[in-house]
Amino acid sequence: MALAQPIPGRSQHERPPLWRDAAVLKWLIQISVMVVVIAVLWFLSRVASTNLAAKGFEVNFDWMSGPANFQLGEGIDTVPNTAGRALWAGMVNTLRMAGAGILLATALGIVVGLARLSSNWLANKIGSVFVETLRNIPVLVQIILWFFIISELGALRNADSPLGESGPIPGWLYISQKGISLPRVFYADGFYQFMALLLILAVPIYFVNRSLHAKRDREGGESIAGRVTLGLLLVAALIAWFANGIMSFLEVPLYAIEDAWRAIPQPLMQTVLMLIALGAAFEFVRRFLNSRRTPAGLAKLTDDDYFRMVFAVVLALAASVIVWIVWPGLSSWIINSGGDFWGWFGDKFGADVNDVTRGSRPIDAMRPTIGTGRFSNFGPTGLTMSVNFAAVFLGLVFYTASFVAEIVRGGILAVAKGQTEAAAALGLSRSQALRKVILPQAFRIVMPPLGNQYLNLTKNTSLAIAVGMTDIVQVGQSVFNKNNQFLAVFIIWGAFYLICSLTISVIVNYINGRLAIVER
């Protein structure tokens, strides 16, 4: 029986025409979509700027270096000299709110989540009421409710008042209609010397730790590396606490670095930035190709793989164009800002404003105080939250903690029951089993939804404007009410919250990757 012969002159592996080639179509579609998106964004920005210019509202950012002409209720600078400084103070207030809120909401949520799983009837019911009540009341309503509750508290009284000093714990904790004040822990003049000396002492401790781990791997037995390392770190911290003054000599080299940094020519900085961008792109491509290598050689790359590598190179080239053509002033800003940083860092190792050599306790604490006079106010010593700040903080913390509690409870219930039984069979107590067996496995499950709650809390800080707290939204509103730069302020708002969200996502994804079980 004769076999069918292939058609002469035609290869069995001939590529299809370009209009039917899947690889070509994928690239064409992706590039087309990217061009369309960029074109639409450019068109919208041009239309918006043209319409605003026709109405006398020119969109620019020159106003950031102009005078603010208003005061802030609280923050690192209550009388900012520029609008940019005012926005920065609002950003810091927002970051303080988000950072402290995430920590406290996580701790409170874990406690409430464990209470809901407790066999104790009272703890279980308290946890259930907490969750079912707070998570079903809108966060804005809770913020306003806390604002009115704190505003209706008793007046702030000092020790000279006939009714006695305010409480509930005079000298340690004050809660009144003017806010909340509690002890403040802060880093003192010797903090930077302390950290520098501790870092130097930590280098040999690191090698000791590696040596102990290597010995355990060779000889077996129980590892003492953790206990020895902890003991050495405590000794190093004790030495650095009392001997940190010897690091004051770093003032001279840091000032030398400042002078050298300011002397960098602008073209050289532009070249360095371009090389960093190109180097990062090629390093990404190199690592990407290495990840696709097998013992038999380089694996076959897909169209998506090629697109990733090409896109990385295109981004690097775009960054180079920005540095040299679009925004040449970026290099000057980096030179000036870098010089300011090294000068500020050198000041931390030199003499203070009173010409007194630094080198004292690295960390200090101060208790809250109430000023004297006819009208009582909190003194500058304690950690004070205004009524506005406290209302937003408590509202966000309790609202977010109710969701965190349910996430933690669900994560614990998702751990196989056999793990609890195995821990009990090993003689572990309930607290030991929870700490060493159940929670480590539960956190592998709960980290992604916890990250979503952290993002929600950070973005919900924008609701602080409802009670007049000085956050970035409230400050931005004051800015564009004075100079009509509302589009520029909206761009700053969007960029700020985008950076915050991406930063939180990167941190949560990193932790989630570290917690993941490594499989072969």
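Under 5 Å between amide hydrogens, built in the peptide plane, is the criterion, and for Gly379 it picks out Thr369, Ile370, Gly371 among residues at least 5 positions away or on other chains.
Using Cβ counts within 10 Å as a stand-in for footprinting exposure, how do Ile143, Ile276 rank, fewest first? The partial results should precede the final answer.
On the way: Ile143 23, Ile276 14.
Ranked by crowding around the Cβ, least crowded first: Ile276, Ile143.
Lysine pair count for the chain with Cα-Cα distance under 28 Å and sequence separation of 8 or more or different chains is 8.
Axis angle, to the nearest 10 degrees, between helix 191-219 and the longest C-alpha principal axis of the chain: 60 degrees. Any chance you could give the angle, 0 to 90 degrees and rounded to 10, that helix 121-134 forms with the longest Cα principal axis of the chain? Helix 121-134 sits roughly 70 degrees off the main axis of the chain. Site pair Ile264 and Ile169 shows an inter-label distance of 4.8 nm when each label is modelled 7 Å from Cα along Cα→Cβ. In the stretch 191-347, the C-alpha radius of gyration followed by the widest Cα-Cα span (Dmax) gives 23.6, 63 angstrom. Helix 225-243 and the longest principal axis of the C-alpha atoms of the chain enclose an angle of approximately 50°.
Using the Cα centre of the chain as the reference point, and only Cβ charges (+1 on K/R, -1 on D/E), how large is the resulting charge dipole? Debye, rounded to the nearest 20. It would help to have the intermediate numbers written out before the result.
Numbers: 41 positive and 30 negative charges, 343 e Å.
Taking the Cα centre of the chain as origin, the dipole is about 1640 debye.
Each value in this text was obtained by applying a stated rule to the coordinates, not by laboratory testing. None of these values were measured; they are calculated from a predicted model. Cβ atoms come from the backbone with ideal geometry, glycine included; neighbour counts cover every protein chain shown.
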